[in-house]
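Enquirer: A single structure is presented below for examination.
Every read-out reported here was derived from the displayed coordinates using simple, explicitly stated rules and does not represent laboratory data. Just so it is clear, the structure is predicted and the values come from calculations on it, not from any experiment. Positions of Cβ are backbone-derived with ideal geometry, glycine not excepted, and every protein chain shown enters the neighbour counts.
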Amino acid sequence: MTMKLELFILPVSDVDRARAFYEEAGFRLDLAKDITADYRVVHLTPPGSEASIMFGKGLTTAAPGSAQGLYLIVTDIEEARKELVGRGIEVSEVFHDGKGIFFHGHDAGDAVHNGPGQERIAGPHPDRASYGSYATFKDPDGNGWVLQEITQRFPGR
């Protein structure tokens, strides 16, 4: 059986503000529909992605900003960061983990190193190893995104 992640519902407090942010970040608008006064849907897709995000009014009871650890995979972390910053998005500096661990906890829109031996170090991974370099940003509600550089995937991916 094949399963692919298709859509993630983001909890936001202001639909128009969130839409403007994600469009500014370069996400493609796929659908914007006001169904009723209490049900509104906005569907966007990150550039090059097969999976999308959706937010609106009446879609979720999750608290705005509670989605954390949403990974966007890029092939060049520095170029991706530069492009987002050029679009007006506040993005952290590029960083890597000193121990080479690629799993991170997430808190308030940022990747945190809370595992044993994890150490956040400024700059991309020294060897530019796949899965090794990161940058973070958050939307206006605090939903947290992680850019992760992957140039060669693990086998079977």
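Enquirer: Run the reach check for LYS82 against aspartates and glutamates, Cα to Cα strictly under 13 Å, same-chain hits fewer than 8 apart removed. What comes back?
Expert: The qualifying aspartates and glutamates are GLU90, GLU93.
Enquirer: Do any GluC sites (Glu not before Pro) in segment 1-52 lie in a DSSP loop with no more than 16 other beta carbon atoms within 10 Å, and if so, which?
Expert: GLU6, GLU50
Enquirer: I need to check one value: relative contact order of the chain, counting alpha carbon pairs closer than 8 Å and at least 6 residues apart, in percent.
Expert: 24 percent
Enquirer: Could you list the trypsin sites (Lys or Arg not before Pro) in segment 1-50 that lie in coil according to DSSP, counting only those with at most 12 other Cβ atoms within 10 Å of their Cβ?
Expert: Hits after loop and neighbour filter: LYS4.
Enquirer: Here is a further query. Would you mind pulling out the separation of the Cα centroids of segment 10-26 and segment 27-74, in Å?
Expert: Distance between centres, Cα-based: 8 Å.
Enquirer: Please compute the Kirkwood hydrodynamic radius over the chain, one decimal place, Å, based on all pairs of different Cα atoms.
Expert: Taking every pair of different Cα atoms in the chain, averaging 1/r and inverting gives 16.5 Å.
Enquirer: Given the rule -39500 (n - 2.57) for each run of at least 4 DSSP H residues, summed and divided by the residues of the chain, what is its mean residue ellipticity at 222 nm, to the nearest 500 deg cm²/dmol?
Expert: -3500 deg cm²/dmol
Enquirer: Let me ask you something else. Counting only C-alpha contacts under 8 Å and six or more residues apart, can you give the relative contact order of segment 1-77 as a whole percent?
Expert: 35 percent
Enquirer: Moving on to the next point. Could you please report the charge total around ALA32, scoring K, R as +1 and D, E as -1 over all other residues with beta-carbon less than 11 angstrom from its beta-carbon?
Expert: -1
Enquirer: Further question on the same structure: Stick to Cα atoms and the Kirkwood definition of Rh, then tell me Rg/Rh for segment 1-47.
Expert: 1.02
Enquirer: Roughly how big is the chain's charge dipole about its Cα centre, with Cβ charges of +1 (Lys, Arg) and -1 (Asp, Glu), in debye to the nearest 20?
Expert: Once rounded to the nearest 20, the dipole reads 320 debye.
Enquirer: If you count the DSSP beta bridges with both ends in the chain, what percent of them are antiparallel, to the nearest 5?
Expert: That works out to approximately 75 percent antiparallel.
Enquirer: Now for a different question. Counting Lys +1, Arg +1, Asp -1, Glu -1, what net charge surrounds LYS99 among other residues with beta carbon under 12 Å of its beta carbon?
Expert: Surrounding charge for LYS99 is -1.
Enquirer: First select every other residue whose beta carbon is under 15 angstrom from the beta carbon of ALA63; then total the charges, Lys and Arg +1, Asp and Glu -1.
Expert: -2
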